[in-house]
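As structure tokens, the structure follows; a few thoughts come after it.
The values are calculated or read from the model by the stated rules, or taken from the named source; none is laboratory data. Note that this is a predicted model, so its numbers are computed, not measured. Don't worry about glycine lacking a Cβ; one is built from the backbone with ideal geometry, like all the others, and counts go over all protein chains shown.
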Amino acid sequence: MLRLKKSSSESLSAGASAGAANQLAAPHLGAASAAHNSRNQLWRQVRRKWSRLLMAVPGIVWLLIFSYIPMFGVIIAFKDFRFDKGILGSDWVGFDNFRFLFGTRDALRITFNTLFLNAVFIVTDTVAAIAVAILLYQVQRHFLSRFYQATLFFPYFISWVIVGIFVFALLSQGGVVNNLLVGVGLPKVQWYSSPQYWPGILTLAHLWKSVGFWSLVYFAGILAINPELYEAAAVDGANAWRRVLHITLPLLVPLMIINVLLSIGRIFYADFGLFFFVTRGEGLLLPTTDVIDTYVYRALTKSANIGMASAAGFYQAIVGFTLVLVTNWVVRRINPERSLF
Amino acid sequence: MLRAQKLTANRVKRNVGQFIIHVVLLSVGLMCVLPLLVILSASFSDELDIARYGYTLIPRNFTTFAYDYLLRVPIQIVRAYGVTTIVTFVGTGIGLLMMSLMAYVLSRPDTPFRKPLSFFVFFTMLFNGGLVPFYIWITQGLRLQDTLWVLILPYLFVPWFVLLLRTYFAGLPEEIFDSAKVDGAGEWRIFFQFVVPLSTPALATVGLFCILQYWNDWWLALLFINRQEMQPLQYMLHSIMTNSRAIMANPQTTGIPLPVNTVRMAMAVLATGPAALVFLLLQRYFIHGLTVGALK
């Protein structure tokens, strides 16, 4: 989903400034006088463009305050944090917090749940979205097509709080699902105290919210396929099904691989709203629904266990960062346009 | 003769295929809006019906009691709407300006320090300190809890939106900048008089994403807002769902049986309904934005 069009913007660079930027990156490589000269040049540039650089200041200040300062706060994971002593004043405890965290069963549980559920989400979202996109393509000129797109996209605008409310209307004691069960002569199910059903329920909730988004992405991908291919196949007598099988799907594979890879890069981060509001934070459901993000939140706000929370957060940040780097490296080898850097 | 028969058979087959596709898409589309219909129906239902028969798609006895109840003393809703509206407009306004300024600086090839600046901005998409340092910094360092600012500031600057804007600005024709320079226009005039008017599609898309982000936010309130009068809409909904005392806090409840379920649902309708409709009307801009980002 993310891309950084580095190559194209670089090609726009005027020779002088590109040269200056390169030398900035490696000033020690040139001879001393050359470095001195280019530095002078750079400062002359800065003086000439100071009003433009001024435009970047609000953003820079914001990033410093809200991104970079908290980044250094990861050291809390190696401290026995106490509010009265502050971050810098608290005592160093080495890897104690991590020893505690990985000494519990929680670590394994939240890691497994995060990875497993996210993996299930990636597969179901992708398969369902491509299927819906292909169906949309078959009726793209029909007047109902826009209606379908609108209804599919609707859940994208709904917050997880609302999703939690209607899942409750569906699954509560007197909810729609239990009424249906009673209607066909089956006993009611206590959904909110039966953890075994929740991987399925969460998958459906996630699918509901995101299938519209992803199917529109793949729909746009299909529209980008050269229509002459379909015409040629039709002339050769291929029916609609064969055209899907031999043209649409193979040509969607690159887009699919990139999207799946980018999702895998984010697999260590869970969608907090889904896990928090849809489960209503039911303690009984934690065995199958507790993920790293909800664990950190609870440890921080409910049990005030800063040590555990920061250790789990650090663990997530480091593994997550590594995964992003690795998947981005793979994405860049496949399609440099879509890679982040 | 045979040939004609075969052709009609083909057409019939194709029509059957089309029909099945429409049935499938229609049911998937219905499933996407169905849960909201349940909420809508419940909000117009009788509290006793819900207690006895559960939630249904069509109200057994149509009543606007829950809405009357809520709107008789609508202070809680009005206040939450106020908070969310202020946060959304202030946040989107300042944020859009900040992000497009940064995007403009990064989009111009002759900006000094462009590469390190890009890295400085986009590195934050790859790595962040996580929840704990952020929470402690906001509450202990900046002391922003229980202020409107805590609902605005953390979402002001989204690197991903800067990326979208920068890509768009970089595609503007170079002649504009040349002629502006010949005219002796300064940076700020170039930005406001040329770049902004020429980039309305991109700015509209990013602006809508900002509005959606602020309007639907519960996260910052969940972390940093304790005072009831500072609750934004989504968080107020959450708190009345988990805590029926939040409804009972209404002063005029004495005597009447408390219509907890229907009032909750009516609240959900009032909180999402109008905004969801607006977003739906503007959805092509969102689609534009996400295809710009996700394709190629």
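Please give the helices (runs of 4 or more DSSP H) falling wholly within region B:178-254 in which 3 or more residues are out of contact with any Leu (no Cβ under 7 Å at 6 or more places or on another chain) and at pLDDT 90 or above. Working first, answer last.
On the way: elements: B:200-215, B:219-224, B:233-242, B:245-248.
Here the list reads B:200-215, B:219-224.
Which one of these does B:Pro257 not meet: (1) more than 10 Å from chain A (Cβ to nearest Cβ); (2) modelled with pLDDT of 80 or more; (3) in a loop (DSSP other than H, G, I, E, B)?
Unmet for B:Pro257, out of (1) more than 10 Å from chain A (Cβ to nearest Cβ); (2) modelled with pLDDT of 80 or more; (3) in a loop (DSSP other than H, G, I, E, B): (2).
Would you confirm, using the coordinates I've provided, whether A:Leu63 is of a type in the set (A, V, I, L, M, F, W, C), assigned by TED's automatic domain parsing to the domain that holds A:Met308 and on the phi < 0 side of the Ramachandran plot?
Details: of a type in the set (A, V, I, L, M, F, W, C): yes; assigned by TED's automatic domain parsing to the domain that holds A:Met308: no; on the phi < 0 side of the Ramachandran plot: yes.
No.
For B:Thr167, which of the numbered conditions (1) within 24 Å of B:Pro197 (Cα to Cα); (2) crowded, with 16+ Cβ neighbours inside 10 Å; (3) more than 8 Å from every other protein chain (Cβ to nearest Cβ) fails to hold?
Evaluating B:Thr167 over (1) within 24 Å of B:Pro197 (Cα to Cα); (2) crowded, with 16+ Cβ neighbours inside 10 Å; (3) more than 8 Å from every other protein chain (Cβ to nearest Cβ) leaves (3) as the failure.
Test each condition in (1) modelled with pLDDT under 50; (2) within 25 Å of B:Val158 (Cα to Cα) for A:Val57 and report the one that comes out false.
(1)
Please work out if A:Ile222 is buried (at least 19 other Cβ atoms within 10 Å of the Cβ) and farther than 24 Å from A:Leu115 by Cα.
Working: buried (at least 19 other Cβ atoms within 10 Å of the Cβ): yes; farther than 24 Å from A:Leu115 by Cα: yes.
For A:Ile222, the condition - buried (at least 19 other Cβ atoms within 10 Å of the Cβ) and farther than 24 Å from A:Leu115 by Cα - is met.
Answer with yes or no whether A:Val291 is in contact with a Gly (Cβ under 6 Å, 6 or more places away or on another chain) and β-branched (Val, Ile, Thr). Even if it seems obvious, please write down each step before you answer.
Working: in contact with a Gly (Cβ under 6 Å, 6 or more places away or on another chain): no; β-branched (Val, Ile, Thr): yes.
No.
Check B:Phe44, B:Phe119, B:Phe89, B:Phe113 and return the single one that is closer than 30 Å to A:Gln316 by Cβ and either facing chain A (nearest Cβ under 9 Å) or modelled with pLDDT of 85 or more (or both). So that I can check it myself, show each step before the final result.
Numbers: B:Phe44 fails: closer than 30 Å to A:Gln316 by Cβ; B:Phe89 fails: closer than 30 Å to A:Gln316 by Cβ; B:Phe113 fails: closer than 30 Å to A:Gln316 by Cβ.
None of the others qualify; the one that does is B:Phe119.
Please work out which residue is surrounded by the most Cβ atoms within 10 Å (Cβ to Cβ), limiting yourself to region A:156-187 and to residues that are more than 10 Å from every other protein chain (Cβ to nearest Cβ) and touching a Leu at 6+ places or on another chain (Cβ under 9 Å).
Looking at the filtered set, the residue picked out is A:Leu186.
Read through the list (1) more than 9 Å from chain A (Cβ to nearest Cβ); (2) more than 26 Å from B:Val90 (Cβ to Cβ); (3) among the β-branched types (Val, Ile, Thr), then give the number of the only condition that B:Thr147 fails.
Result: B:Thr147 fails condition (2) only.
Check A:Pro254 against each of (1) touching a residue at least 60 places away in the same chain (Cβ under 8 Å); (2) surrounded by 18 or more Cβ atoms within 10 Å (Cβ to Cβ); (3) over 13 Å from the mean Cα position of the chain (by Cα); (4) within 13 Å of chain B (Cβ to nearest Cβ) and name the one condition it does not meet.
The failed condition is (2).
Could you tell me whether A:Gly313 is of a type in the set (Gly, Ala, Ser), more than 24 Å from A:Phe100 (Cβ to Cβ) and part of a helix (DSSP H, G or I)?
Details: of a type in the set (Gly, Ala, Ser): yes; more than 24 Å from A:Phe100 (Cβ to Cβ): no; part of a helix (DSSP H, G or I): yes.
Spelling it out, it is not the case that A:Gly313 is of a type in the set (Gly, Ala, Ser), more than 24 Å from A:Phe100 (Cβ to Cβ) and part of a helix (DSSP H, G or I).
Which of the residues that make up region A:183-221 are without any contact (Cβ under 8 Å) to a residue 40 or more places away in the chain and assigned to a helix (DSSP H, G or I)?
A:Gly183, A:Trp191, A:Tyr197, A:Gly200, A:Leu204, A:Ala220
Any residue at all in region A:35-44 that is at pLDDT below 85 and within 7 Å of another protein chain (Cβ to nearest Cβ)?
Step one: list which residues in region A:35-44 are at pLDDT below 85, which gives A:35-44.
When the remaining residues are screened for being within 7 Å of another protein chain (Cβ to nearest Cβ), the result is A:42.
Yes: one or more hits.
Just one of the numbered conditions (1) modelled with pLDDT of 85 or more; (2) within 30 Å of A:Ile69 (Cα to Cα); (3) among the aromatic types (Phe, Trp, Tyr) is not true of A:Phe83; which one?
The failed condition is (1).
Take region B:10-48 and flag every residue that is among the hydroxyl-bearing types (Ser, Thr, Tyr) and touching a residue at least 60 places away in the same chain (Cβ under 8 Å). Quick ask: steps written out before the conclusion?
Step one: of region B:10-48, the residues among the hydroxyl-bearing types (Ser, Thr, Tyr) are B:27, B:41, B:43, B:45.
Within region B:10-48, B:Ser43, B:Ser45 meet the criteria.
Being at pLDDT below 85, assigned by TED's automatic domain parsing to the domain that holds A:Glu282 and within 25 Å of B:Phe209 (Cα to Cα) is true for just one of A:Phe153, A:Phe166. Which residue is that?
Working: A:Phe153 fails: at pLDDT below 85.
Matching residue, one of A:Phe153, A:Phe166: A:Phe166.
Name every residue in region B:17-41 that is within 9 Å of chain A (Cβ to nearest Cβ) and either within 18 Å of A:His142 (Cβ to Cβ) or touching a Leu at 6+ places or on another chain (Cβ under 6 Å) (or both), in order of residue number.
If the condition is that a residue be within 9 Å of chain A (Cβ to nearest Cβ) and either within 18 Å of A:His142 (Cβ to Cβ) or touching a Leu at 6+ places or on another chain (Cβ under 6 Å) (or both), then B:Gly17, B:Gln18, B:Ile21, B:His22, B:Val24, B:Leu25, B:Leu26, B:Val28, B:Gly29, B:Leu30, B:Cys32 are the ones that fit.
Could you list, in sequence order, all residues of region B:139-159 that are surrounded by fewer than 18 Cβ atoms within 10 Å (Cβ to Cβ) and in a helix (DSSP H, G or I)?
Correct list: B:Thr139, B:Gln140, B:Gly141, B:Trp149.
Any residue at all in region A:285-306 that's more than 24 Å from the chain's Cα centre (by Cα), within 14 Å of chain B (Cβ to nearest Cβ), buried (at least 18 other Cβ atoms within 10 Å of the Cβ) and not polar (S, T, N, Q)?
Yes, there is a match, as at least one residue in region A:285-306 is more than 24 Å from the chain's Cα centre (by Cα), within 14 Å of chain B (Cβ to nearest Cβ), buried (at least 18 other Cβ atoms within 10 Å of the Cβ) and not polar (S, T, N, Q).
Looking at the structure I just gave you, is A:Arg332 in contact (Cβ under 8 Å) with a residue 24 or more places away in the chain and of a type in the set (Lys, Arg)?
Working: in contact (Cβ under 8 Å) with a residue 24 or more places away in the chain: no; of a type in the set (Lys, Arg): yes.
Considered against the rule, which asks whether it is in contact (Cβ under 8 Å) with a residue 24 or more places away in the chain and of a type in the set (Lys, Arg), A:Arg332 comes out as no.
Filter region B:175-189 for residues that are surrounded by fewer than 18 Cβ atoms within 10 Å (Cβ to Cβ) and at the interface with chain A (Cβ under 8 Å from one of its Cβ atoms); which is nearest to B:Ala80 (Cα to Cα)?
Here the residue is B:Trp188.
For A:Ala133, only one of the following conditions fails: (1) over 18 Å from A:Pro195 (Cβ atoms); (2) modelled with pLDDT under 90. What is its number?
(2)
Being surrounded by fewer than 14 Cβ atoms within 10 Å (Cβ to Cβ) and more than 27 Å from A:Gln140 (Cβ to Cβ) is the requirement here; does B:Ile58 meet it?
Working: surrounded by fewer than 14 Cβ atoms within 10 Å (Cβ to Cβ): yes; more than 27 Å from A:Gln140 (Cβ to Cβ): yes.
So B:Ile58 fits the description; yes.
Taking the condition within 13 Å of chain B (Cβ to nearest Cβ), in contact with a Ser or Thr (Cβ under 9 Å, 6 or more places away or on another chain), at pLDDT below 85 and assigned to a helix (DSSP H, G or I), does A:Leu262 pass? First the steps, then the outcome.
Working: within 13 Å of chain B (Cβ to nearest Cβ): yes; in contact with a Ser or Thr (Cβ under 9 Å, 6 or more places away or on another chain): yes; at pLDDT below 85: yes; assigned to a helix (DSSP H, G or I): yes.
When the stated conditions are applied, A:Leu262 passes them.
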